[in-house]
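Since every read-out is calculated from the coordinates, none of them should be taken as a lab result. As the structure is a prediction and not an experimental result, all values here were calculated from the model. Glycine gets a Cβ as well: all are built from the backbone with ideal geometry, and neighbour counts include every protein chain shown.
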Amino acid sequence: MKEIPEYEKDLASIRNMMERSVKFISLSGMSGVLSGIYAILGAIAAYFMVHYPISPFNQRVYSINDAETLSQLTLIAIVVLTASLVTGFLFSSRKARKYNEKLWNATTKKLLINLCIPLFTGGFFILILLYTGHFGVAAPASLIFYGLALIQGSANMYDEVRYLGFCEIVLGLVSALFPGYGLIFWVMGFGILHVVYGTIMHNKYDR
């Protein structure tokens, strides 16, 4: 007859197998940290392009509507997004090999579908905002839709992702009250929160 500790080990093993079948366990905390750093560096570049020498803590009373500046800011955003996606893919691939898991499986497909619906919706919505001249709402909208995407996809990821999503939404709503401080809230949401979240994930799941 098995001892109680052995039954507990069996239950833990079964629970772990069930979790692996429905969750994207290849998600890397370190990729979250690096994505946050990329966002902070991108925001610094945007600051020197738009704000400098004015302090970013001084509320802006003007809009960025010249095509050249908008193109440069869009390029920065694309570079940050691309670097984050490539980093996430590389670290996730390495973690999947470490646990002898396939990176592309049914869980990954479901996760991408859940993430893409709010992300693409938010992306098109932000493009409409920029096209119609509502520049001050773009940063809050990006935080809110990103938070919704994280919550939508959290069913196939770790619980910490859901908490990050709630934080992004709250930060986006607060940012909507202060449209002149979009860059600061953008740094907090995509930069600092990602670094904190990634550090927690790395210490809890990647070691």
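Give me the percent of Cα-Cα pairs in the range 50-207 that sit more than 26 Å apart, rounded to a whole number. Spell out each step's value before the answer.
Values: 3906 of 12403 pairs.
Every Cα pair in the range 50-207 considered, those over 26 Å come to 31 percent.
Could you please report the charge total around Ser93, scoring K, R as +1 and D, E as -1 over all other residues with beta-carbon less than 13 angstrom from its beta-carbon?
Values: positive: Arg94, Lys95, Arg97, Lys98, Lys102; negative: Glu101.
Charge balance in the 13 Å sphere: +4.
Using a simple spin-label model with pseudo-atoms 7 Å out from Cα toward Cβ, Phe48 and Val174 lie 2.8 nm apart. Once C-alpha pairs closer than 8 Å and six or more residues apart are averaged by separation and normalised to the residue number of the range 139-206, the relative contact order reads 38 percent.
Listed values for the range 171-181 are Karplus-derived 3J(HN,Hα) couplings in whole Hz (6.51 cos²θ - 1.76 cosθ + 1.60, θ = phi - 60°), namely 5, x, 5, 5, 4, 5, 7, 10, x, x, 10, and x replaces Gly and Pro. For the range 98-177, list log₁₀ I(q)/I(0) at each q in 0.11, 0.17, 0.18 Å⁻¹, using the Debye formula over Cα point scatterers of equal strength and ignoring solvent, two decimals each. Here the Debye-derived log intensity ratios amount to -0.34, -0.69, -0.75. Rounded to the nearest Hz, the phi-derived 3J(HN,Hα) couplings of the range 88-98 under the Karplus curve 6.51 cos²θ - 1.76 cosθ + 1.60 (θ = phi - 60°) are x, 5, 5, 5, 5, 4, 5, 5, 5, 5, 4, where x marks glycine and proline. Annotation: amide H-H contacts under 5 Å for Met157 (H modelled 1.01 Å from N, sequence separation of 5 or more, or interchain): Phe24.
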